[in-house]
Amino acid sequence: MKKILFILSLILISVNVKAQIHDPVKWDTSIEKVSENEYDLIIKATIESGWHLYSQNVPENGPIPTSFNFTESKDYELAGKTKEGKGHEVYDNVFEMKIKYFGDEAVFKQHIKTLTDKAFTIEGSLEFMVCDDTNCLPPTEVEYSFKIPKAGETAVATDKKEDKSFLQTTIPDKEDTKTASSSDTSEKEPITEDKTKNRSLWALFFLSFLAGFAALLTPCVFPMIPMTVSFFTKQSKSKAQGIKNAVVYGISIVVLYVLLGTVITAIFGADSLNALSTNVWFNIIFFILLVVFAISFLGAFEITLPSSWGTKVDSQADRGGLIGIFFMALALAIVSFSCTGPIVGTALVAAAAQGGIAPVISMFGFSLAIALPFALFAAFPGWMNSLPKSGGWLNTVKVVLGFLELALAFKFLSNADLVLQAHWLEREVFIAIWITVFGVLALYLFGKIKLPHDSTIDHISVGRLGLGLVVLAFTIYMIPGLWGAPLKIISGFPPPMNYSEAPYGVGYTKLGGGESVSGGEIPDHAHLGPHDIVAFNDYGLGMAYAKKVNKPVLLDFTGWACVNCRKMEARVWSDPRVLQILKNDIVLISLYVDDKRPLPENEQYTSKVNGRKIKYIGAKWSDFQISKYKANAQPYYVLLDHEGNNLNEHAAYNTDIEIYLAWLKEGIGNFNK
């Protein structure tokens with residue numbers, strides 16, 4: 001039975017890795033005349049089912065975005081940036097970012113203005129990357145041209161079919177890769193609601209609800225509950241009317257804050273908010289805002305709206321009826337702004353990072369938490385007797401929120417630093433800052449530190465002591481992070497492990513940890529790859545080392561922006577049995593097909609596959625994969641002996657650990673025969 005299962009596993013591998021050249025995207029071009037001297041250049045991608053094309057707007061360190069490059073000419077000028085249709089946007093757990101892509105069809109438009117009445121040709125090229133559930137293809141370049149007619153003639157567009165090869169021959173300008181996405185009514189692709197997006201919106205709602213509950217416990221809002229509810233119950237002719245007025249009051253609060261979220265979304269645009277969240281300057285601005293909010297909560301100053309606003313609103317509240325109740329809710333929002341403003345600002349910043357209708361969802365959750373107590377205590381006024389008395393504990397809540405906002409602020413500064421790759425706020429520095437912030441918060445909760453608005457206390461409450469112990473435990477938990485601990489509880493906040501002064505912790509340099517590292521040292525021309533596997537990025541150097549240590553070679557065709565390659569490394573290579581083999585029993589040669597470093601002049605050559613000039617390292621490895629193995633998708637794995645002969649069938653993307661493990665053992669067994 002075991003033999004049968006083993007044979008079936010190998011058959012499954014061979015079925016999955018049948019060598020083939022994929023060509024899942026077909027490009028068409030056309031021209032639309034807008035006015036006498038204005039045209040829309042339309043570039044349409046038809047995508048095979050199951051494949052997806054990445055947007056122009058992909059965050060730094062993500063997959064390769066689609067980019068367009070138009071040759072400069074005195075005959076025309078570009079009007080704005082290339083627009084694209086609506087696509088699908090999902091959170092990618094591998095790249096830890098939101099990524100937008102297109103399926104089935106994608107339409108791009110570039111608006112131009114002609115500067116001459118004569119006919120002329122516009123030439124350009126685009127670079128793109130596509131993936132499906134199991135493969136990613138190397139960045140591919142396509143050249144195109146548009147024939148702009150003289151006045152009165154019909155426009156013609158052509159695309160150069162012969163240039164649709166899977167090779168990288170140019171590096172697009174950085175400016176071209178950052179074209180902003182925008183809605184295009186010509187895009188017919190429906191948007192489906194992704195389960196991940198739904199979950200993230202629910203999470204945002206829940207967190208915003210907690211933020212609203214925190215705002216409720218601040219000195220500006222909490223004392224207003226009994227005062228406002230008493231007003232409604234005493235001024236109303238009946239209990240039912242009092243409950244009704246309180247409910248209307250709560251609904252008015254929700255409407256006001258939801259309206260704020262709607263305005264934010266309308267001003268910036270649903271898609272633009274997410275684009276802003278990955279922008280360096282906006283992350284820096286968010287950082288500064290949160291620091292200001294935090295300092296305000298700590299008692300240095302108060303953020304207030306002009307007093308004239310409150311006076312005008314109060315005068316409207318005296319009108320009575322539903323309009324008067326609405327203005328009473330607005331008065332509460334203005335009067336309590338010194339406490340709620342920073343929390344609302346923080347919630348909107350978090351929502352902006354998510355984009356779409358997130359600001360509306362965030363404000364709904366926030367306002368609901370504030371509005372509910374007014375309706376509930378109006379319906380059950382006896383409950384107010386159980387409310388704790390206002391006092392110094394309200395200021396303590398405000399200060400705790402200030403420390404939390406200060407810690408959160410550095411997440412946005414870290415985002416900017418990661419995009420810039422400036423290494424100002426590396427992992428150790430970030431963790432050290434958080435240890436300091438939460439350590440000081442623990443001292444404050446234990447009564448060792450007193451801030452401006454704190455009242456004198458002879459003892460701390462049990463609740464405050466308990467919270468202090470939790471914060472102290474969290475602070476101690478973070479300390480090993482300086483020495484390389486993963487800190488999984490806060491894994492989404494600090495920079496990744498590889499973005500640090502010492503990738504394996506302060507004062508510690510980790511080597512491969514396997515027998516393949518002779519004498520505990522990394523071989524010449526090698527480096528530590530995923531999971532500290534010793535890897536070569538050059539075929540010749542890796543083969544020479546394999547011959548020296550008498551081990552088979554695992555040839556890994558991969559890419560820096562290959563999503564499925566990262567999934568294999570995270571899900572399969574991390575298995576202890578697989579990792580043991582990769583570290584000790586083979587020599588890993590990883591060839592990155594999207595490596596844009598130029599080849600030396602004397603190493604550049606013309607491909608025998610399609611006659612294109614190979615100028616870049618990634619193009620060399622892509623051409624090698626196509627010519628030798630008749631495949632162009634990644635990940636793609638080959639087990640070789642020292643003469644370059646295959647030890648078994650090739651393997652591709654398959655997250656079944658048992659199958660991959662059996663494939664490795666079979667190849668190594670054939671090598672040792």
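The values are calculated or read from the model by the stated rules, or taken from the named source; none is laboratory data. Small disclaimer: the values here were computed from a predicted structure and weren't measured. Cβ atoms come from the backbone with ideal geometry, glycine included; neighbour counts cover every protein chain shown.
Are any of the residues in region 507-514 farther than 29 Å from Y616 by Cα, modelled with pLDDT under 80, surrounded by 16 or more Cβ atoms within 10 Å (Cβ to Cβ) and of a type in the set (S, T, Y)? No, region 507-514 contains no residue that is farther than 29 Å from Y616 by Cα, modelled with pLDDT under 80, surrounded by 16 or more Cβ atoms within 10 Å (Cβ to Cβ) and of a type in the set (S, T, Y).
For region 398-428, filtered to residues that are of a type in the set (F, W, Y) and not in a loop (DSSP other than H, G, I, E, B), the residue that is nearest to L216 (Cα to Cα) is F403. Does T121 fit the bill of being modelled with pLDDT under 85, of a type in the set (V, I, T) and out of contact with any helix residue (DSSP H, G or I) (no Cβ under 6 Å at 6 or more places or on another chain)? Taking the combined requirement at face value, the residue does not satisfy it. If you go through region 438-460 and pick out every residue that is closer than 17 Å to V397 by Cβ and either touching a Ser or Thr at 6+ places or on another chain (Cβ under 9 Å) or not assigned by TED's automatic domain parsing to the domain that holds E405 (or both), you end up with 7.
Condition (residue is buried (at least 16 other Cβ atoms within 10 Å of the Cβ), in contact with a Phe, Trp or Tyr (Cβ under 9 Å, 6 or more places away or on another chain), at pLDDT below 85 and not in a loop (DSSP other than H, G, I, E, B)) applied to region 646-662: is it met by at least one residue? Yes: region 646-662 contains one or more residues that are buried (at least 16 other Cβ atoms within 10 Å of the Cβ), in contact with a Phe, Trp or Tyr (Cβ under 9 Å, 6 or more places away or on another chain), at pLDDT below 85 and not in a loop (DSSP other than H, G, I, E, B). Is it the case that region 109-116 has a residue that's modelled with pLDDT under 80 and either part of a strand (DSSP E or B) or surrounded by fewer than 19 Cβ atoms within 10 Å (Cβ to Cβ) (or both)? For region 109-116, residues modelled with pLDDT under 80 and either part of a strand (DSSP E or B) or surrounded by fewer than 19 Cβ atoms within 10 Å (Cβ to Cβ) (or both): absent.
In a residue-by-residue description of region 612-626, the property of being outside any strand (DSSP E or B), out of contact with any Leu (no Cβ under 7 Å at 6 or more places or on another chain), among the polar types (S, T, N, Q) and free of Cβ contacts under 8 Å to residues at least 60 places away in the same chain applies to no position. Summed over region 534-570, residues that are farther than 26 Å from I626 by Cβ, modelled with pLDDT of 85 or more and not in a strand (DSSP E or B) total 4.
Report yes if F213 is modelled with pLDDT of 75 or more, over 21 Å from N395 (Cβ atoms) and not assigned by TED's automatic domain parsing to the domain that holds A422, otherwise no. So F213 does not fit the description; no.
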